[in-house]
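Written below as structure tokens is the structure these notes are about.
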Amino acid sequence: MMGGIRCTATIWRDLMTTASTPEPFDQARQLEIARRAIAKQSFCVLATSSAKNRPQAVGIMYAAVDLDLYSVVGEGTIKVRNIRENPKIGVCIPVRKYPVGPPLAVQFQGIGQVLATTDPHIQDLIKSGRLKRITGLAALDSPGICFIRMTPHRRISTYGLGIPLLRLMRDVSKGSRSVELPG
């Protein structure tokens with residue numbers, strides 16, 4: 001890969017390694033693909049809704065800790081108010097793998113939780129360096145901030161991940177997969 005864009009030979013190889021029959025769907029493999037994509041990315045779209053069903057979708061930066069996502073946000077924001085009123089959330093993580101074709105994604109519905117910067121769980125994560133991705137540039141020094149924890153329910157959906165590019169481009173409607181979380 002040169003300069004953040006995959007070379008033509010690599011893309012061509014990916015296109016040509018597509019079998020004509022679909023490979024069997026492996027839940028464990030797909031879950032691992034989703035976990036890696038979540039850990040590698042740092043931007044997601046968070047969808048919330050107020051108690052009066054007024055939706056909001058906003059792009060935010062996150063740090064992944066296992067499958068939970070954490071974000072530093074302002075205490076007075078609409079997303080914080082919405083989560084306090086209605087903790088049901090939706091998350092979409094765009095994953096750009098190829099410079100051509102549709103963007104890939106990981107999505108889930110789950111529960112949002114607002115946590116104070118003094119919360120012991122948050123303090124442990126900060127001390128262990130697991131939230132370094134979102135706490136840089138003196139983010140913790142800003143007044144009126146808090147954290148949002150986004151926890152998926154039992155299912156994570158993906159679009160295009162684990163599917164050869166040529167197969168996906170031949171029929172974009174067949175790019176969705178869904179996996180159940182263990183436990």
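Read-outs throughout are calculated quantities, based only on the coordinates presented, and are distinct from any laboratory measurement. Since the structure is predicted, the reported quantities are computational estimates derived from the model, not experimental observations. FYI the Cβ positions are ideal-geometry reconstructions off the backbone, even for glycines, and counts take in every protein chain you see.
Take the residues in the stretch 100-121 that are free of Cβ contacts under 8 Å to residues at least 40 places away in the same chain and aliphatic (A, V, I, L, M), then tell me which one is nearest to residue 154 (Cα to Cα).
Applying the filter and picking the extreme gives 114.
Can you pull out the residues in the stretch 52-83 that are in a strand (DSSP E or B), among the hydrophobic types (A, V, I, L, M, F, W, C) and buried (at least 17 other Cβ atoms within 10 Å of the Cβ)?
Within the stretch 52-83, 60, 63, 64, 69, 72, 73 qualify.
Being farther than 19 Å from residue 74 by Cα and in contact (Cβ under 8 Å) with a residue 60 or more places away in the chain narrows it down to one of 97, 132, so name that one.
Exactly one of 97, 132 is farther than 19 Å from residue 74 by Cα and in contact (Cβ under 8 Å) with a residue 60 or more places away in the chain, namely 97.
Quickly run through the stretch 38-51 and pick out the residues that are touching a helix residue (DSSP H, G or I) at 6+ places or on another chain (Cβ under 8 Å) and assigned to a loop (DSSP other than H, G, I, E, B).
If the condition is that a residue be touching a helix residue (DSSP H, G or I) at 6+ places or on another chain (Cβ under 8 Å) and assigned to a loop (DSSP other than H, G, I, E, B), then 42, 50, 51 are the ones that fit.
When you scan the stretch 152-174, do you find a residue that is surrounded by 17 or more Cβ atoms within 10 Å (Cβ to Cβ), closer than 30 Å to residue 117 by Cα and not hydrophobic (A, V, I, L, M, F, W, C), even just one?
yes
Matching residues to (1) farther than 16 Å from residue 41 by Cα; (2) out of contact with any helix residue (DSSP H, G or I) (no Cβ under 7 Å at 6 or more places or on another chain):
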residue	(1), (2)
117	yes, no
120	yes, yes
123	yes, yes
141	yes, yes
158	no, no
165	yes, no
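Within the stretch 117-183, which helices (runs of 4 or more DSSP H) (wholly inside it) include 1 or more residues that are of a type in the set (S, T, N, Q)?
120-127, 132-135
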